[in-house]
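Trainee: What follows is a single structure, and I will ask about it in a moment.
Read-outs throughout are calculated quantities, based only on the coordinates presented, and are distinct from any laboratory measurement. Please read all numbers here as calculations on a predicted model, not as lab measurements.
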Amino acid sequence: MAHPKHRTSKQRRNKRRTHDAITVTAIAKCSNCGAAVQYHTVCPECGYYRGKLAIEKAVVA
């Protein structure tokens with residue numbers, strides 16, 4: 001097993017962790033129905049992507 005020769009300082013540890021933060025995903029508004037949708041994905045509400053029908057949604061009666 002790996003065994004460190006020197007103790008990692010708080011500064012070095014924190015510098016390494018600067019890129020570990022979770023980023024907020026960008027959310028857009030669907031051009032067809034106005035629902036909140038993630039970029040580059042089909043709208044889960046209406047099934048449209050970039051103005052075209054991508055998924056046929058089943059109608060629940």
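Trainee: Per residue of the chain, what 222 nm ellipticity follows from adding -39500 (n - 2.57) for every DSSP H run with n ≥ 4, rounded to the nearest 500?
Mentor: Details: 1 runs with 7 residues, N = 61.
Only helices count here, giving -3000 deg cm²/dmol.
Trainee: For the chain, state the semi-axes of the equivalent ellipsoid (square roots of 5 times the eigenvalues of the alpha-carbon gyration tensor), sorted largest first and rounded to whole angstrom. Before the final figure, lay out the partial values.
Mentor: On the way: eigenvalues 452, 38, 16 Å².
Sorted largest first and rounded, they come to 48, 14, 9 Å.
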